[in-house]
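Engineer: Please see the structure below; I have some questions.
The values are calculated or read from the model by the stated rules, or taken from the named source; none is laboratory data. What you are looking at is a predicted structure, and each value in this text was computed from that prediction instead of being measured. Neighbour counts are summed over all protein chains in view; Cβ atoms, including those assigned to glycine, are modelled from backbone coordinates with ideal geometry. The area values use the complete protein model at the heavy-atom level, side chains included, leaving out ligands, DNA and RNA. Shrake-Rupley method; radii C 1.70, N 1.55, O 1.52, S 1.80 Å.
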Amino acid sequence: MDFLSDFLTKFGAQLQSPTLGFLLGGIVIAALGSQLAIPDAIYKFIVFMLLIKVGLKGGIAIRESNLTEMLLPALFAAAIGILIVLIASYTLAKLPGIRATDALATGGLFGAVSGSTLAAGITVLDAQGIEYEAWAGALYPFMDIPALVTAIVLASIYTSKQKRDKYHKNEEYIRTETVAAGGYASEQIVPAGGYPTIDQRGTAGGYPGERGGSSGGSSSQPGDAPSQRVKIWPIVKESLQGSALSALLLGIALGLITRPESVVESFYEPLFRGLLSILMLIMGMEAWSRINELRKVAQWYALYAAVAPLLHGFIGFGLGMVAHYATGFTPGGVALLAVIAASSSDISGPPTLRAGIPSANPSAYIGASTAVGTPVAIAIGIPLFVGLSQVMM
Amino acid sequence: MGKIANKLVIITEKILLKKVAQIIDEAGATGYTVLETGGKGSRSVRSSGQPSVSDTNSNIKFEVLTDNRDIAEKIADRVAVEFFNNYAGISYICEAEVLYAHTFCGPDGC
């Protein structure tokens with residue numbers, strides 16, 4: 001009983017944190033139809049600031065720590081990323097009325113990591129003086145990239161199998177679609193007749209966009225044989241080039257190679273919490289505006305988005321515990337690993353998935369992640385796992 | 001009297017910017033203009049102006065001037081076939097009269 005009351009007090013205290021307050025404030029103000037708008041540029045700048053700070057701290061920590069300690073948590077992070085997508089493909093994808101590609105994209109997004117949730121988790125740990133490995137933030141790419149790669153690879157395997165089955169249907173479909181989508185332009189082309197390419201592409205291309213691989217430009221090759229090996233490197237490259245991961249990795253590199261302590265302490269550190277509160281406000285407003293999109297897709301996405309962050313967090317927490325007993329991963333670090341697992345990407349993940357799985361409906365996966373997944377991870381996940389790590393260890 | 005040209009307009013998702021630009025280049029157009037834009041279509045309102053968490057909800061508008069219609073149609077075909085099944089997009093062509101442009105009109109002017 002003692003354990004439970006202790007946990008509940010800690011959980012309750014978390015609910016009053018400024019992070020959560022601003023998130024809920026954003027949701028409320030957007031729900032009331034406020035005209036308040038925070039410019040896009042500021043949002044991007046804040047994300048950059050937060051992640052470069054996390055990166056710098058991580059880089060400094062890696063410089064001073066034993067790299068072998070990082071090995072097990074990093075391995076677990078990658079395993080969690082892949083596992084989350086597999087869970088989605090065996091649960092969400094099997095539900096009635098859910099398209100497999102949509103489900104895989106959703107799983108990929110929930111497996112990927114949210115920079116804002118990570119930053120919020122770090123702030124909570126800092127505020128409560130809980131010790132954690134500063135390099136734990138550097139686990140981000142270890143979970144993010146495997147999740148996105150797994151989702152995109154599984155989706156293209158699935159679509160190529162579908163394509164083989166429905167080849168003739170697709171062929172007809174694409175002809176009508178091409179004319180419809182081309183609008184005026186193609187209407188005039190078809191009677192003109194001077195375009196053998198349109199025919200050849202239409203039939204050979206199948207679903208050109210679904211050809212897998214984010215390279216995308218490969219659709220002019222004849223696709224009769226659905227021999228598509230998904231290229232993994234372009235997906236990895238695109239993730240690494242995304243704004244969130246670039247900032248984080250730049251921070252890590254600078255932290256490792258240079259001595260940025262003075263600028264971290266005088267500039268990044270003091271601004272971190274204030275900027276995070278603005279970011280939370282934006283996340284709240286964004287969550288509300290995405291709810292409408294989520295309404296248009298099956299209700300199952302809302303259910304999945306509410307349950308999945310906590311389930312993923314518990315998986316992360318469990319594996320973190322293993323690392324705790326095996327290599328002395330701190331409780332704060334375990335909590336952070338759980339938070340990373342619970343988070344779902346909202347910055348770098350969506351564009352990568354949009355390019356990698358073009359046929360998936362973005363309303364489904366972005367709506368599920370931004371409208372439900374992220375608020376659940378921040379509002380319930382962070383207090384839950386931070387509180388749990390304090391009482392369990 | 002300016003030089004008669006075709007203006008091809010493609011409105012599509014911002015994440016396709018580089019890929020569409022590459023298609024335009026490969027088709028042999030001499031240049032293009034890109035604008036950030038928004039509006040409403042079959043995929044509902046996009047780019048409503050709120051800060052969006054990622055660029056997946058932003059739109060762009062390409063304007064390409066070509067002096068022969070074939071290039072414009074080639075670009076429109078490729079973009080439609082490669083992207084418009086899965087991405088928001090529309091393209092249309094209109095006649096334009098280019099008044100001033102050194103490279104486009106040649107050394108003697110339009």
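Engineer: Put a dot 7 Å past each Cα toward the Cβ at residue A:165 and residue B:37; how far apart are the dots in nm?
Structural biologist: 3.9
Engineer: Going by a ≥ b ≥ c, the root eigenvalues of the Cα gyration tensor, does the range A:14-128 fall in the rounded group (a/c under 1.5), the prolate group (a/b larger than b/c) or the oblate group?
Structural biologist: Numbers: a/c = 2.04, a/b = 1.00, b/c = 2.04.
In terms of gyration-tensor shape, oblate.
Engineer: Bins of 10 Å, beginning at zero and ending with the bin holding the largest distance: percent of Cα pairs per bin for the range A:240-291, please.
Structural biologist: 21, 35, 33, 10, 1
Engineer: If you don't mind, another one. How much accessible surface area, in Å² rounded to 10, belongs to the heavy atoms of residue B:108 with a 1.4 Å probe?
Structural biologist: 150
Engineer: Could you state the orientation-averaged shadow area of the convex hull built on the Cα atoms of the range B:3-103, in nm² to one decimal?
Structural biologist: Working: hull surface 27.2 nm².
That works out to 6.8 nm².
Engineer: To one decimal place, what orientation-averaged projected area in nm² is obtained for the convex hull of the Cα set of the range A:256-364?
Structural biologist: Averaging across all directions leaves 10.1 nm² for the Cα convex hull.
Engineer: Please compute the net charge surrounding residue A:115, taking Lys and Arg as +1 and Asp and Glu as -1 over other residues with Cβ under 12 Å from its Cβ.
Structural biologist: Working: positive: A:44, A:53; negative: A:144, A:346.
Neighbour charge sum, excluding residue A:115 itself: 0.
Engineer: Within the range B:3-103, how many Lys pairs that are eight or more residues apart, or on different chains, come under 16 Å at the alpha-carbon?
Structural biologist: On the way: B:7/B:61; B:7/B:74; B:14/B:40; B:14/B:61; B:18/B:61; B:19/B:61; B:19/B:74; B:40/B:61.
Lysine pairs meeting both conditions in the range B:3-103 amount to 8.
Engineer: Using only protein heavy atoms and a 1.4 Å probe, report how much of residue A:68 is accessible, in Å² to the nearest 10.
Structural biologist: Rounded to the nearest 10, that gives 90 Å².
Engineer: Which of the three applies to the range A:2-79, rounded, prolate or oblate, going by the alpha-carbon gyration tensor with a ≥ b ≥ c and a/c under 1.5 meaning rounded?
Structural biologist: Working: a/c = 2.90, a/b = 1.30, b/c = 2.24.
Oblate, because a/c is 1.5 or more while a/b does not exceed b/c.
Engineer: Then there is this: Report the FRET efficiency, 1/(1 + (r/R0)^6), for residue B:99 and residue A:11, where r is their Cβ-Cβ distance and R0 is 60 Å, rounded to 0.05.
Structural biologist: Step by step, r from the Cβ atoms, then E = 0.30.
Engineer: Okay, next question. So which cysteines in chain B don't have a second cysteine's C-beta under 4.7 Å from them?
Structural biologist: B:94
Engineer: In straight Cα distance, which lysines are under 27 Å from residue A:166, not counting same-chain residues fewer than 8 positions off?
Structural biologist: In chain and number order, the partners are A:94, A:231, A:296.
Engineer: Rolling a 1.4 angstrom probe over the protein chains, ignoring ligands and nucleic acids, what is the accessible area of residue B:99 in square angstrom, nearest 10?
Structural biologist: Rounded to the nearest 10, that gives 100 Å².
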